[in-house]
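Report on the structure given below.
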Amino acid sequence: MKTWPSFFIIVILCFGSTPSEARRIHLTTEQKTQLEKAQTILIEILALTEKGAYDAKPLAATVKERLEEIGYTVTTERSQSHDIEVKVKCEEQKTLTGTSPTGGDVELTDAPDRLWKGPACLLTYFLQQKDLQWKKEVRTTFSDARQAAQKAQAEDAGKFAMDHLNQRLTEYDFPVLLSAEWGQVGRLLKLLENPNTSKLRKIKILSVLSDLHAEEALPQLTKLLESTDLQQETINALAGAGADSIPLLIDLFQNSRQAGIRAEAAKALGHIAAKTGDPRPIPPLVQYVSSLLPQLKTSQDINFPLLTEVVWAIGKQRWEPSLKPIAELQQKIWVIFDNSKEMADLREATSWTYKQLDLSGHIS
């Protein structure tokens, strides 16, 4: 039975959680509804330097402005009616942050870093005074505020750190992350269609939409595909729209003249196949491999980025006719003399996919 542990690892890789699903606290239906309808936000800002409490008004003004610019109503008075509370704690030297009790966001790049001791702002939110364990952290580019202040010839290290953290809060798109966390797809789509929304923010919105499984986003994403500079990001977001986007993605994979677009479409199809169990994404991908095999003799016959993504995607769901062409592909690429990284990546993908398809390999 030695093969079973690896089998279960494979299942986890194929069906593992996205960042939005990697929650530490399960949300009830009532809580989800409250978050989706949240409009008025109470913000509380705490600023601490090595000299003690620091004036948090500039930080509060930045947080308030950034939330209001995407349509939220913001108050700083607890006595006023509000739907949700956002807290921001900024420190010149971050105090120790322990590990999250049940995993999740600790693996993400903007999660609190237990090793960071420099200036940082911790962002959290509370629903009806309950901490739902969503934590994000922004940090300065320097780890020692005193040294950085001296180098910049600034007299007050605490003020220097807070000014830089305030700048980071203007750059870090926490309003989009909060809207995604609260399931407010409509607000994100409105931002997406706003001509004044920057390309960088649109890319961020498309990134979070890919994790939300928001079927209602499909019409907007389909329209956005006409934008030549955001096609790849839009295709990635389509994967989050679920099975309804399969026909569009297959059409893009089969008919686009851009290899990059076809590769992204293949990747999205594999993601949907793994998540939904829908069998439709796999046959077009297998047909591509089968049509390539007769003329595959040298590395010159391979579009490595495209074929590699196709092979990875085929391995996301077991479709019996996939095994024969993948096995033949595996034989062909190992007899081609090519030590490039591109070939190494393709061989890795093919080996992994073959193991997913060959059920006899999982039986001791």
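The numbers here are math on the coordinates, done by the rules we state, and not lab data. Everything quoted here is computed from the prediction, not taken from an experiment. FYI the Cβ positions are ideal-geometry reconstructions off the backbone, even for glycines, and counts take in every protein chain you see.
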- Item | Interatomic Cα distance distribution for the chain, bins of 10 angstrom, percent | 5, 20, 25, 22, 17, 9, 2, 0
- For the residues SER291, SER299, SER207, what sequence is obtained by ranking on other C-beta atoms within 10 Å, fewest first? SER291, SER299, SER207
- Does anyone have the angle between helix 323-335 and the longest principal axis of the chain? Alpha-carbon axes, 0 to 90°, nearest 10? 90 degrees
- Message: Tell me the relative contact order for the chain as a rounded percent, counting alpha carbon contacts under 8 Å between residues six or more apart.
- Response: 13 percent
- Message: Output the 0 to 90 degree angle, nearest 10, between the alpha-carbon long axis of helix 57-68 and the longest principal axis computed from the alpha carbons of the chain.
- Response: 40 degrees
- Using θ = phi - 60° and the Karplus form 6.51 cos²θ - 1.76 cosθ + 1.60, what ³J(HN,Hα) does each residue of the stretch 130-137 get, whole Hz, x for Gly and Pro? 10, 6, 8, 6, 8, 9, 10, 9
- Query: Could you give the nm distance between label points at THR33 and THR298, where each point is 7 Å from its Cα heading toward the beta carbon?
  - Reply: 6.7 nm
- Message: Report the gain in length on full extension from LYS332 to GLU77: 0.36 nm times residue separation, minus Cα-Cα distance, nm rounded to one decimal.
- Response: 85.0 nm
- Message: For the stretch 218-271, what does the relative contact order come out to in percent, with C-alpha contacts under 8 Å and a separation of six or more?
- Response: 35 percent
- Message: Can you find, among ILE70, SER322, VAL138, the residue sitting farthest towards the positive end of the charge dipole of the chain, where Lys and Arg contribute +1 and Asp and Glu -1 at Cβ?
- Response: SER322
- Item | For the stretch 281-364, average projected area of the Cα convex hull in nm² | 5.3 nm²
- Query: Using a Gaussian network model of the chain with C-alpha springs under 10 Å, which one of SER245, SER198, SER340 is most mobile by mean-square fluctuation?
  - Reply: SER340
- With a 10 Å Cβ neighbour count serving as the proxy for reagent exposure, in which order, fewest first, do PHE174, PHE160, PHE337 appear? PHE337, PHE174, PHE160
- May I ask for the percentage of alpha-carbon pairs in the stretch 148-287 that lie more than 26 Å from each other? 36 percent
- Query: What nm value, rounded to one decimal, do you get for the distance between TRP116 and THR95 when each label is placed 7 Å out toward the C-beta?
  - Reply: 1.8 nm
- Note on the structure: Note on the stretch 281-364: contact order normalised by length, alpha-carbon pairs under 8 Å, 6 or more apart, percent, works out to 38 percent
- With 0.36 nm assigned to each residue of separation and the Cα-Cα distance removed, LYS223 to ARG146 gains 22.7 nm
- Message: Under 5 Å between amide hydrogens, which residues at least 5 positions from ALA120 or on another chain qualify, with H placed 1.01 Å from N in the peptide plane?
- Response: GLU91, LYS94
- Query: What list of ³J(HN,Hα) values in whole Hz, one per residue of the stretch 296-307 in order, does the Karplus curve 6.51 cos²θ - 1.76 cosθ + 1.60 (θ = phi - 60°) give from phi, with Gly and Pro shown as x?
  - Reply: 7, 10, 9, 4, 5, 8, 10, 8, 4, x, 6, 4
- From fewest to most C-beta neighbours within 10 Å, the residues LYS151, LYS89 line up as LYS151, LYS89
- Query: Given the rule -39500 (n - 2.57) for each run of at least 4 DSSP H residues, summed and divided by the residues of the chain, what is its mean residue ellipticity at 222 nm, to the nearest 500 deg cm²/dmol?
  - Reply: -15000 deg cm²/dmol
- Message: Quick check: the angle from helix 282-292's long axis to the longest principal axis of the chain, C-alpha only, nearest 10 degrees?
- Response: 50 degrees
- Task: Could you run the Karplus curve 6.51 cos²θ - 1.76 cosθ + 1.60 with θ = phi - 60° over the stretch 342-355 and give me ³J(HN,Hα) per residue in whole Hz, x for Gly and Pro?
- Result: 4, 5, 4, 5, 5, 4, 4, 4, 5, 5, 4, 5, 4, 5
